[in-house]
Each structure stands twice: as structure tokens, then as C-alpha cells.
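Peer 1: Structure in C-alpha cells, see below.
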Amino acid sequence: METDHKKKQSISKSKQYLVILLGILLFGGCLWFFSTYYEGEKPVLKLSETVDTIGREKIIDITATDKKRGLRKILVTISQNEKEHTLYSKDYPTRGIKEKTFRIEVNPKSMKLHDGEARINISAVDYSLRKNNTTLNIRVIIDTIPPHIYLLSSAHNINPGGSCIAIYNVSEEVVRSGVNVGDDFFPGYPIKLADKSCYIAYLALPLDAKRGSVSIGVVARDKAGNESLKILPRYIRNKKFRTDIINLTDSFLEQKMPEFQQMDNNLRAATPLETFQYINAQTRQDNFMTIQSICEKSVQKQLWQGHFLRMKKAATTAQFGDRRDYCYKGKTVSKSIHMGIDLASTRHSPVEASNSGVVVFTGYLGIYGDTIIIDHGFGLFSLYAHLGMIKVKEGQTVTKGELIGHTDTSGLAGGDHLHFSILVGGKFVNPQEWWDPHWIKDNVESKLAAVASSR
């Protein structure tokens, strides 16, 4: 009897354990079912950019994400005056789409939307039993009218390889404005003349520019992306540049090329002549790209005053724009265009800041050797190359005539001298213009005074 009783107790306990186990499994199954199929996590919507204005056309990239049950439906509409237009609609018949990036195009004219307020509605629904829904309701302003450009300056007389300034105003707030010279863009900077706000742009003309060969125009873009263009009246003078033949000697190549070979493993096995050809072409281009990058940001005010200083008691040994043919043993082996003026005096001559500004670069720069670049504001820079001793640091403010270094033979220099350049918006221009007080007066100071007095 006792044995049967123990057996019954054992069976009863087993049933209890089984019931508990089944309960746990059932609870776990329900928990899994509800957490998986009845989960409450909503889809996530993300725009590639903040959208508050729409111009004549607007492209918007949108990403919808649901990491659990996946996306069921996406709908994007735009409405104005109780009229709704569908911009995007997509149903996903099967689960598994966890993320979707799509692009919508808003063209107000084709949808007969007028300038003013509108609403963009973006919604995403997931595959949960709850059909979790996320909705973004975005207020936007339709603006299809481009900004109007008012040209304030006149007498834009420009030399090939030379500089010019343009002064203008716009009818509304803009996110980008400046002057296009062919494919080159020169940004406009906000200024005040006679307590009135306007913009000034320093621009440069390519060396090979001729009358009618290059388009020049003021451009402006507003927040909605609308752009305007106003052709700049100008007179391009004729100018010829010299051709200079430079004979390369073995002594020069053997003296200078090992410096460059030491810095570039790819040149270790090259001959001195092959090294020169590479340095004069590829390294020169690389250095120019570096200089352009340095000149991308400029102080948004004029730091310079009066004409720029020329190095004292120095002879000009090479002009701006010289077209150089490098010859070796009677054969032309390389070419370049000289984008500055070479000035030679005694060895290790003092070099002064040509005008006031902020030092934005000091260091070794390929063919230019030890170099200093000074920002004079509004995209105007000066460059001092082939130095042997640098007396200033990046970020330092310098005054006109302040000692900044000494001449030497660093870089691709064949002798002790200063290579001096002026850059406008990252483009090399003729320094002789900026050395000339009369040019400064006629092309900068008089223009600013004329605009100020007319307002």
C-alpha cells in the first residue's frame, strides 16, 4: 500500500511539473508572439536634409527603417489649400524590408502649387499586428521667384591674368552668391558702404582670356535653390606674355633633384632628368591644389590698406605669366607657366609682409620650398616662396612691412631669390597690379567710394 501511495505521489508531482513546464512554455510562447507580432516599436523616418523651403524643383532623399517586423507601407504627400498630391506611395506585400531609401521630386509648377505655405506629410506603417505608424508633418514655404541682382559697380576693366572687383546687392537673403568667370567661382562677401549692406567679390581673369572668350556674371542662390545670373559689363584688355627658355644643366639637376627623390620613394630609381620632369608637372599641380585648398577660407573683411609692398632693392628676374620651355642638351623636355614674380637681391635678404593680414600657412611646399601664405581678407592672399628662414607662425597677425622671413634656395629654386605671388580666390594673378598705387585707386578704392556716395 505504501509503495502504491508513493507511486501516486510521484505521478502527481510529475503532472505538476508538466503543468508548470507547459505553463512556462505557453507563457514564453505568448510573450514571444506578442513581442514579435504585436510589438509596439514604430518605424523611423529620416530626411537627408532639413526641408523648409522649396523652389522651382526640390529633390528630397528619405530613409524609412523598421528593424523588427519590417515596412508595410510608405506614403508621401504634399497639400496646399486642402488639395493633396501624392509624391510617393509604396506597399510591400511581404515582410522582410527592414530599410528603404527613396527619392522624391517636388515640382510646384507641374502640381499647380503657388508660392506660399504648403505641408509635406510622410508616413510609414510596419508589419506589426498593431500596424505601428510614424508620421512626419512638415511645414514648407514654396518660393519659385529667384533673387534679383542689382549691379552697383561699373568700369570693370580687366587684364588677362589680372584682378577686378564687383560690387552688387540682392533682393533677398541668399545662401550663395559671387561671380562666375567661365568655370571658376569667386565668392561674394557681405560689406557695408555708407551704412548700407551689399556684397563685394574679388575675381581673377585667366591668362589666356580674350575679348568675348570668357563669360563673366554675378550669380545668387536663395534658400529655396532659385538661382539668378546677371552678366557683368567688362572690358578685357589685350596682353601678351613672354616666352622664356631655361637651359637645364647637369650640375643643377644633380644638386636639386636628390632632395625631391629623398621625399618620394617613387622617384628613388628615376634619373635626375626624369625626376625634374615629374616635379615640374605632377608636383607643381599637386602644390597648386594644396594652395587652392588653403585659400578656400578667407577672413570676411578687408585686412589690407593701400598698395602692396615690393621687396626692397631687388631686381626682377622672372615675370608673371612667363611661358617657360625647359631645355636639356638642346631639346625641350618640360614646360610651365610662371605664376609669380621672382625678385633677387643679396643672399638671405629680408622678406617683409607685402600688406597686413593673417598668416594661414608656413612650411615646406614642394616646388615652392619653404613658403608663407598670408590672408588679406575677401579671398585675397599673398605667397612668399623659396625662403630659408621663416619668422612667423600660422594664425599670427602681421602688419604691412613686418619681417616674416629671409630668401634662400629651397624648393625648385636655382639661386637665392624670392618668388612672390598674389592670389584671388585661389587663382594666381599679376602682382604688379597690387604693387601699383594708381591701379589700387582706380580699380578698388574709387569703385568703393563711388558706390558709397551713390547710396
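Peer 1: Quickly run through the stretch 318-347 and pick out the residues that are surrounded by fewer than 15 Cβ atoms within 10 Å (Cβ to Cβ) and closer than 21 Å to M389 by Cα.
Peer 2: Within the stretch 318-347, T346, R347 qualify.
Peer 1: Quick one: would you say N157 is within 30 Å of D322 (Cβ to Cβ) and touching a Phe, Trp or Tyr at 6+ places or on another chain (Cβ under 6 Å)?
Peer 2: Criteria met by N157.
Peer 1: Run K73 past the list (1) surrounded by 14 or more Cβ atoms within 10 Å (Cβ to Cβ); (2) among the charged types (D, E, K, R); (3) within 34 Å of the chain's Cα centre (by Cα) and report the number of the one that doesn't hold.
Peer 2: K73 satisfies all of (1) surrounded by 14 or more Cβ atoms within 10 Å (Cβ to Cβ); (2) among the charged types (D, E, K, R); (3) within 34 Å of the chain's Cα centre (by Cα) except (3).
Peer 1: If you scan the stretch 387-413, which residues turn out to be without any contact (Cβ under 8 Å) to a residue 40 or more places away in the chain and touching a Gly at 6+ places or on another chain (Cβ under 6 Å)?
Peer 2: Step one: list which residues in the stretch 387-413 are without any contact (Cβ under 8 Å) to a residue 40 or more places away in the chain, which gives 387, 390-396.
L387, I390, K391, listed by residue number.
Peer 1: When R119 is evaluated against the numbered criteria (1) at pLDDT 95 or above; (2) of a type in the set (D, E, K, R); (3) under 16 Å from G55 (Cβ atoms), which criterion, by number, is the only one it fails?
Peer 2: (3)
Peer 1: Return the residue satisfying two criteria in turn: it lies in the stretch 283-308 and is touching a strand residue (DSSP E or B) at 6+ places or on another chain (Cβ under 6 Å) and in a loop (DSSP other than H, G, I, E, B), and of such residues it is nearest to Y189 (Cα to Cα).
Peer 2: The residue in question is Q300.
Peer 1: Could you tell me whether S382 is at pLDDT 95 or above, closer than 24 Å to F185 by Cβ and either of a type in the set (S, T, Y) or in a strand (DSSP E or B) (or both)?
Peer 2: When the stated conditions are applied, S382 passes them.
Peer 1: How about the stretch 339-375: which of its residues are farther than 19 Å from L412 by Cβ and outside any loop (DSSP other than H, G, I, E, B)?
Peer 2: P350, E352, G357, V358, V359, V360, I374, D375
Peer 1: Scan Y38, Y92 and give me the residue that is exposed (fewer than 14 other Cβ atoms within 10 Å of the Cβ), within 15 Å of N133 (Cα to Cα) and modelled with pLDDT under 95.
Peer 2: Y38
Peer 1: Name the residue, out of K192, K223, that is loosely packed, with under 13 Cβ neighbours inside 10 Å and either out of contact with any His (no Cβ under 6 Å at 6 or more places or on another chain) or β-branched (V, I, T) (or both).
Peer 2: Values: K223 fails: loosely packed, with under 13 Cβ neighbours inside 10 Å.
On inspection, the qualifying residue turns out to be K192.
The values are calculated or read from the model by the stated rules, or taken from the named source; none is laboratory data. Note that the structure is predicted; figures quoted are calculated from it, not measured. Positions of Cβ are backbone-derived with ideal geometry, glycine not excepted, and every protein chain shown enters the neighbour counts.
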